[in-house]
Amino acid sequence: MSHYYYRTENQRRSLPELPAMILVFAVSLVCWGAGYFYSTGFPMHAVENQDTLWYFIGKIFINKEIGYIVGFLTLLISGFAVQRISDTEMLAKERTRLPFMLFLLFFSVNTFLLPVSEATIIIICLVVYFFELFRAYQAPEAGVSFFGSGLALGMASLFAPQMLFFLPLMWVGMYKFRALEWKTFWASLVAVLMIYWILLAWCVWTNDFSLFAGLWNGLIHIRFSTVEALFQYDKLPMWSVVILSIISLIHNRMHSFNTSNRTRMILSFLTDNIILTVALIFLYNDNAVIQAILYVPAAILIARFLRSTGYRMAIFLFFVMSLLLLFSFIISTVWNF
């Protein structure tokens, strides 16, 4: 009898996710279809700054169909990786597809990230960065995990040098996870330096330092965002995610006594990443790649908030949020053509 009720409860809790999943894929396909129709992101090699690594990689995706297929498949893989992080650490309190659906939704409504951009590679590196960092908690060989996090961070910084600001934040995470030692500190620093040492060696070999100089210029070229730039139509999806993240942060702080110490530290670290990302958005105007960094920690935190509100209420809020993001997408993108 107990087994019967257990199966009935699982079925009752899993069925509402099916219409939500259908809605997410419908909204995502609308966004990707609109991007394909308007040829968003093409030609991909026509970027403003030619002294970047992405300028050379973007030349590979000449065909629009291949670009959109590769971009969408990469987005699905990244979403499943975000889902894996949430399930492994039980950050959404239980196994649920909400982190995957939220990440897919947040990324798709920002068509300036479609189909494949620097953000695509940075998101993959960011997922590896979080996964290795969280795995290092109370691990006997934490230095190996922090070395992996440093490598992922260094690779991401080759496409967005602002990612180097997350290196001190990783040391803060080490302190929160009680793993800040000379060995772990040195492992993370050497990993990042190794990436740039290889880049510098390549520049010396080719006698062309434009890539190295382009990264340095991108890091020091700070342009504060104006009020008009922050509240343009194309920023509506981003601010929607920021507002939802703030609500989730407040809710998680108010109910932090119900969580384990490990979960509390991970949520606090994800919060620090969101705060740093928003600060970088203010410092670097019109940098769409930085906005994409927000969506990985935000998807996990908002998924936890939705699950804490009750399952039926969570699905209802998810439906409302999806429709609002789709509406903001229509305003910010379709009406501009």
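The values are calculated or read from the model by the stated rules, or taken from the named source; none is laboratory data. These numbers come from a predicted model, not from an experiment. Cβ placement follows ideal geometry from the backbone for every residue including glycine, while neighbour counts extend to all protein chains displayed. The accessibility values were calculated without ligands, DNA or RNA, using every heavy atom of the protein model including side chains. Shrake-Rupley method; radii C 1.70, N 1.55, O 1.52, S 1.80 Å.
A compact table of results
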item: Verdict on Ala34 being open to solvent by 10 Å² or more (accessible area, probe 1.4 Å), farther than 18 Å from Ala292 by Cβ and at pLDDT 70 or above; result: yes
item: Residues being at pLDDT below 85 and either of a type outside the set (A, V, I, L, M, F, W, C) or within 24 Å of the chain's Cα centre (by Cα) (or both) - total across the stretch 194-214; result: 5
item: Matching residues, the stretch 170-215, being touching a helix residue (DSSP H, G or I) at 6+ places or on another chain (Cβ under 7 Å) and part of a loop (DSSP other than H, G, I, E, B); result: Phe177, Ala179, Leu180, Phe209
item: Wholly within the stretch 241-337, helices (runs of 4 or more DSSP H) carrying at least 2 residues that are modelled with pLDDT under 70 and crowded, with 20+ Cβ neighbours inside 10 Å; result: 311-332
item: Single condition Met90 does not satisfy, out of (1) open to solvent by less than 10 Å² (accessible area, probe 1.4 Å); (2) at pLDDT below 85; result: (1)
item: Selection within the stretch 105-149 - in a loop (DSSP other than H, G, I, E, B), closer than 23 Å to Ile266 by Cα and hydroxyl-bearing (Ser, Thr, Tyr); result: Tyr137
item: Odd one out for Asn217 among (1) at pLDDT 80 or above; (2) over 23 Å from the mean Cα position of the chain (by Cα); result: (1)
item: For Phe159: the one exception among (1) over 26 Å from Asp272 (Cα atoms); (2) part of a loop (DSSP other than H, G, I, E, B); result: (1)
item: Close pairs from the stretch 141-165: first surrounded by fewer than 23 Cβ atoms within 10 Å (Cβ to Cβ), partner part of a loop (DSSP other than H, G, I, E, B) and of a type in the set (Asp, Glu), Cβ under 9 Å, at least 6 apart; result: Gly143/Glu181
